[in-house]
Amino acid sequence: MASSDNKAEAGGTAHMVAALAKALREQMGLTQEELGKLIGYTASAVSAMETCAQPASDKMLVKLEEVLGGGLGVFEKARKWMLLEKYPARFRGVAGLERGAVTISSYATFVVDGLFQTESYAQALIRGGYPAVSDQKREELVEARLARRALFDRAPAPMIELILEETVLRRPFGTWDIMRGQLRSLAEDAQRDNVCLQVLPLDRGLRGSHAGDRGSMKLLVTEDHDHVVYMEIEDQGILISDPPEVAQLAHRYAKIRSQALSPDDSLSLIERLAGEEP
């Protein structure tokens with residue numbers, strides 16, 4: 001549902017798309033209702049887009065390009081920037097770095113890393129969060145999260161590493177069926193040529209050393225070969241680029257990786273859990 005909150009949060013790309021779509025619509029002599037019929041939306045949806053009460057979805061941008069784009073590709077080019085604006089403010093900066101990264105290395109301790117989430121898992125996760133968000137905002141967050149999966153098939157392909165605490169594999173969201181679907185998806189992703197997925201076993205702490213006790217982190221090597229680390233805590237995002245600090249965290253990540261199960265043993269565990277009944 002269109003809301004004043006959306007208007008307040010809409011970014012520069014959303015406002016640019018809204019103004020351009022309205023100007024091109026009027027230039028073509030189309031009413032909002034007529035444009036809506038051409039792109040498969042209601043007149044109220046077109047109105048909401050033009051006022052940024054409900055910024056254009058990715059699907060709407062595709063249709064706007066077909067009907068109003070005139071071969072210029074402006075709405076097509078806007079898709080990337082619109083998706084970035086739909087991320088929470090804390091993640092927008094790192095999302096841009098992730099998009100062009102040559103290496104992405106993540107350690108996740110509570111939930112599956114967003115890059116690997118299925119739609120159903122992401123829906124359940126966001127729906128159950130606090131404070132609650134509107135249905136429309138949830139759909140936008142899920143859309144933006146799923147769009148990150150394009151990285152798996154990007155050319156040239158980045159190297160993507162993920163270390164999951166075993167507890168992540170055993171913590172369901174939504175339903176057990178959703179969790180099993182997420183586990184099956186993880187198993188499929190683990191077998192990609194550019195993915196290395198490992199599990200840090202639940203009993204690691206019994207061996208006297210657990211390098212991951214300080215929480216999740218994401219290490220990126222950017223397209224310019226800069227090294228950065230991103231961490232989140234209670235809705236706050238921290239991006240670290242200072243070389244000594246990055247090096248220390250990279251060493252900790254390497255230690256966590258050395259303590260995790262091998263990729264083959266990790267895959268076997270994920271596949272076994274995916275087949276278990278609760």
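A few notes on this one:
- Residues satisfying the stated conditions in region 169-185, i.e. surrounded by 14 or more Cβ atoms within 10 Å (Cβ to Cβ) and touching an Asp or Glu at 6+ places or on another chain (Cβ under 9 Å): ARG180, LEU183, ARG184
- Near pairs, Cβ below 8 angstrom, 6+ apart or cross-chain, from region 202-220 (more than 19 Å from PHE110 (Cα to Cα)) to any residue that is open to solvent by 70 Å² or more (accessible area, probe 1.4 Å): LEU220/HIS227
- Helices (runs of 4 or more DSSP H) contained entirely in region 1-116, each with at least 1 residues that are within 30 Å of ALA190 (Cα to Cα), modelled with pLDDT under 95 and among the basic types (Lys, Arg): 58-68, 74-85, 89-100
- Considering each residue of region 139-161 in turn, none proves to be over 14 Å from GLU119 (Cα atoms), open to solvent by 60 Å² or more (accessible area, probe 1.4 Å) and in contact (Cβ under 8 Å) with a residue 60 or more places away in the chain.
- Residue satisfying all of: in region 29-44; out of contact with any helix residue (DSSP H, G or I) (no Cβ under 7 Å at 6 or more places or on another chain) and open to solvent by 70 Å² or more (accessible area, probe 1.4 Å); farthest from LEU68 (Cα to Cα) among these: SER44
- Residues that are modelled with pLDDT of 95 or more, among the aliphatic types (A, V, I, L, M) and more than 17 Å from ASP265 (Cα to Cα), drawn from region 145-194: MET159, ILE160, ILE178, MET179
The values are calculated or read from the model by the stated rules, or taken from the named source; none is laboratory data. If you're wondering where the values come from, they're calculated on a predicted model, not measured in any experiment. Because the Cβ atoms are built from the backbone with ideal geometry, glycine has one as well, and the counts that use them run over all protein chains shown. Protein only, heavy atoms only, side chains kept; ligands, DNA and RNA dropped before computing areas. Shrake-Rupley method; radii C 1.70, N 1.55, O 1.52, S 1.80 Å.
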